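The values are calculated or read from the model by the stated rules, or taken from the named source; none is laboratory data. Model, not experiment: these values are computed from the prediction. Ideal geometry is used to build each Cβ from the backbone, glycine not excepted, and the neighbour counts take in all protein chains shown.
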Amino acid sequence: MIRNNVVYSRLGELKILEVFEDYDGPKLFSCESLSGHKYIVLWIDSTNDFDRWFYLPISNSRLESVRQGIITLFECFSEPEDRWLWEVKTYHVNNKEENKQIGIGEISEEDLPDREAVLNLKARRLSELTDTPLDEAERSRREVVDLALNLNEAHSTEIESDQLGLVLHRFQSLVRSLGHKSDTVKGRIPKKIEDGNTLMVVGFYAASFGVRLESKYNANLFNYTEMTSSLGMLMDLIEAKDDRQNLLNVLEQLSPKSIARYRFLLKVLRDGNMAMRLQWANPLKTDRQVGISIKEVYSVLELLKEEGKDVSEIYTLDGTLVGLSKTRKSFEFQTFDGDKFAGILSEELLKRQFKIQSDVRVSIEETLELSPLTQEERITYKLIDVVEFDDILRQSHNGNNDQEQN
């Protein structure tokens, strides 16, 4: 039974994608199940009791070849990819239905279209999405993000590969950074957080140039994924646009590195003269859309007031000075918790003497920057102060004595 562009069948609820022939209802059409399986459906004949149909499972690439006339309709149905198809009888009374699989040798030529019959539809350079992000999120139980780029306000469905690569790289980096919410955000993002906040490219679409992304993992029993809050914060950030107060309110909740990575993304959009639009949905039935124009990209970069600057933070850490070379101006340090840091010495420390393998309290400057050649992110460390624990204990002891004398 067909109702409201949906086929209700024992094969499942099949959403009609495209009708190729219609006569008192669709007679040749493509459709898709809730689990994403596609079919091309052909009406064969009708009796007083029932209509007879072929439901042919078909891949995306073969369906596109049929649409363009590269493969004839006869060849399509006579040589199924899976070597079989469904023969379906839909009865006129009580909506009764009978299904059976028939193999490639059981298909009668009399039931098939003429050998020369072809479709001749325009090729899709980028496909049209058949499911909304919310439909896909509910079906796949994953976070779904449609990312659309408008280049030079020209609505082009083409984009240079390196531009697209940079946008996706910066977008992914920002999402992972927003997912790093522990009390301390020093160092690189832990592998577990990176993995839980990874987006997978699952398709492209015309909108001007669109990319559909989905979370790597399904939602839990409560319909949350590890990146639900990360994507919510991302939408808040972009939705604030160049509204100064709203933007500041969102930025107050972010780490300096997340702010830097947002700036990195905006710089890619600015340099490519690209506007960006996002639609986000998930199994919680979240359905949000935000966009940022090229003009707003420039305005936000101006408000951030860090154009061209690196982001640096200084951490005070206790641990062991593992190694030091004044010749190479380098150091190695390990905290008592096992975190390791390596980098360069500040000019001031080159003049001092240190005990290797001694317990110390250090001040380390961490800097997030972009490589000017590769445009890759890198985190560097500079050792700017070292205090041996013996000196700390001595200062503490002297302080206690002063208090007792007073």
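Structural remarks
- On inspection, S108 fails the criterion of being surrounded by 17 or more Cβ atoms within 10 Å (Cβ to Cβ), of a type in the set (G, A, S) and farther than 30 Å from G272 by Cα.
- In region 46-62, residue surrounded by the fewest Cβ atoms within 10 Å (Cβ to Cβ) [restricted to those that are more than 18 Å from G12 (Cβ to Cβ) and either among the hydrophobic types (A, V, I, L, M, F, W, C) or at pLDDT 90 or above (or both)]: N48
- Number of positions in region 11-26 that are touching a residue at least 12 places away in the same chain (Cβ under 8 Å) and farther than 17 Å from N120 by Cα: 8
- Where strands (runs of 3 or more DSSP E) fall entirely within region 26-125, those with at least 1 residues that are among the β-branched types (V, I, T) are at 38-46, 84-91, 97-103.
- Test: residue in region 379-398 that is within 28 Å of the chain's Cα centre (by Cα) and either assigned by TED's automatic domain parsing to the domain that holds K340 or modelled with pLDDT of 85 or more (or both): yes
- Note on region 52-85: residues that are within 17 Å of S108 (Cβ to Cβ) and in contact with a strand residue (DSSP E or B) (Cβ under 9 Å, 6 or more places away or on another chain) total 12.
A quick yes/no check of all residues on (1) outside the structural domain of R378 (by TED's automatic domain parsing); (2) basic (K, R); (3) within 27 Å of G36 (Cα to Cα):
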{"site": "E138", "(1), (2), (3)": "yes, no, yes"}
{"site": "A148", "(1), (2), (3)": "yes, no, yes"}
{"site": "L151", "(1), (2), (3)": "yes, no, no"}
{"site": "E158", "(1), (2), (3)": "yes, no, yes"}
{"site": "L166", "(1), (2), (3)": "yes, no, no"}
{"site": "R176", "(1), (2), (3)": "yes, yes, no"}
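- The criterion of being more than 28 Å from G232 (Cβ to Cβ), modelled with pLDDT under 95, of a type outside the set (D, E, K, R) and surrounded by 14 or more Cβ atoms within 10 Å (Cβ to Cβ) holds for G343.
- Count of region 29-58 residues which are in contact (Cβ under 8 Å) with a residue 40 or more places away in the chain, among the aliphatic types (A, V, I, L, M) and within 19 Å of K89 (Cβ to Cβ): 2
- The criterion of at least 2 residues that are basic (K, R) and out of contact with any Asp or Glu (no Cβ under 7 Å at 6 or more places or on another chain) is met by none of the strands (runs of 3 or more DSSP E) wholly inside region 274-354.
- Members of region 136-161 that are of a type outside the set (S, T, Y), closer than 13 Å to M200 by Cβ and in a helix (DSSP H, G or I): E136
- Leading residue by the ranking (modelled with the lowest pLDDT) among those in region 2-23 that are part of a strand (DSSP E or B), closer than 23 Å to A117 by Cβ and out of contact with any Ser or Thr (no Cβ under 7 Å at 6 or more places or on another chain): I2
- Given (1) in contact with a Lys or Arg (Cβ under 6 Å, 6 or more places away or on another chain); (2) among the polar types (S, T, N, Q); (3) over 30 Å from T132 (Cβ atoms), number of the condition N99 does not satisfy: (3)
- Among the residues making up region 33-45, those that are out of contact with any Pro (no Cβ under 9 Å at 6 or more places or on another chain), surrounded by fewer than 16 Cβ atoms within 10 Å (Cβ to Cβ) and at negative phi are L34, S35, D45.
- Contacts under 9 angstrom Cβ, first residue in region 342-369 being in contact (Cβ under 8 Å) with a residue 12 or more places away in the chain, partner in a loop (DSSP other than H, G, I, E, B) and of a type in the set (G, A, S), 6 or more apart: E365/S346; E366/G187
- Any hit, region 113-121, residues being at pLDDT 90 or above and in contact with a Gly (Cβ under 6 Å, 6 or more places away or on another chain): yes
Let's see how each residue does on (1) over 30 Å from A342 (Cα atoms); (2) in contact with a His (Cβ under 7 Å, 6 or more places away or on another chain); (3) crowded, with 19+ Cβ neighbours inside 10 Å; (4) of a type in the set (D, E, K, R):
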| site | (1), (2), (3), (4) |
| --- | --- |
| R141 | yes, no, no, yes |
| V145 | yes, no, yes, no |
| E158 | yes, no, no, yes |
| L168 | no, no, no, no |
| L174 | no, no, yes, no |
| R188 | no, no, no, yes |
| K192 | no, no, no, yes |
| G196 | no, no, no, no |
| K216 | yes, no, no, yes |
